[in-house]
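The values are calculated or read from the model by the stated rules, or taken from the named source; none is laboratory data. The model shown is predicted, which means the values in this text are computed figures rather than measured ones. Cβ sites come from the backbone with ideal geometry, for glycine too, and all protein chains shown count toward neighbours. Protein only, heavy atoms only, side chains kept; ligands, DNA and RNA dropped before computing areas. Shrake-Rupley method; radii C 1.70, N 1.55, O 1.52, S 1.80 Å.
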Amino acid sequence: APADAGQDDQRLDVLFKRLQNTSDQNEARSIETTIWQIWIEAKTDNLNQLMRTGIAAMNAGRLSDALRVFDKLVEVAPTFAEGWNKRATVYYLMKSFDASVNDIAQTLKLEPRHFGALSGLGLINQAIGRAAAAIKAYEQALEVNPHLLGLRDKVKVMKEALKGEET
């Protein structure tokens, strides 16, 4: 079955290479923005409308409404990685961590380079006290996108805290 969305967009390979190779933070931010724009692009107007509606509800704090929209989105477009990722975000905000982790897994199955999903996995693991798993997820996100603000410092602090617990 053809993919429903941007994770198969041919522009992504070039953008991820540029993201790996740039040392300019402004260029990295611009590349990240373009990647996110591609990720949320669906192949149909109906899917794009669902995405916009879900994002608007999520941003307005109407999490139950957002969840219903993203449920519909993943139902009608199960190969659309960003639909799963957005629903994972809603679940995270609702503190439904198990459901969020399941949707993150689906996102990463469809788009293994999804640094947002990897970062989200790190946040969940950190929230539930699984520091080593959080560090691993954050490091995977940094492998894909070495320009994530503050993440490298967070990993360093968490590793030092773990060392302190071991002694």
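Every residue in the range 30-68 that is among the β-branched types (Val, Ile, Thr), in contact (Cβ under 8 Å) with a residue 12 or more places away in the chain and under 20 Å from His114 (Cβ atoms), please. Across the range 30-68, the qualifying residues are Ile31, Thr34, Ile35, Ile38, Ile40, Ile55. Please verify whether the range 24-37 includes one or more residues that are under 16 Å from the mean Cα position of the chain (by Cα), among the hydrophobic types (A, V, I, L, M, F, W, C) and open to solvent by 60 Å² or more (accessible area, probe 1.4 Å). Within the range 24-37, one or more residues are under 16 Å from the mean Cα position of the chain (by Cα), among the hydrophobic types (A, V, I, L, M, F, W, C) and open to solvent by 60 Å² or more (accessible area, probe 1.4 Å). Conditions: (1) modelled with pLDDT of 95 or more; (2) over 10 Å from the mean Cα position of the chain (by Cα); (3) open to solvent by less than 60 Å² (accessible area, probe 1.4 Å). Ala141 meets all but one. Number of the miss? With (1) modelled with pLDDT of 95 or more; (2) over 10 Å from the mean Cα position of the chain (by Cα); (3) open to solvent by less than 60 Å² (accessible area, probe 1.4 Å) applied to Ala141, the lone miss is (2). Screening Gly83 on (1) surrounded by 17 or more Cβ atoms within 10 Å (Cβ to Cβ); (2) not in a helix (DSSP H, G or I) shows it passes everything except condition (2). Filtering the range 31-53 to residues that are in a helix (DSSP H, G or I) and closer than 14 Å to Ala77 by Cα leaves Trp39, Asp45, Asn46, Leu47, Asn48, Gln49, Leu50, Met51.
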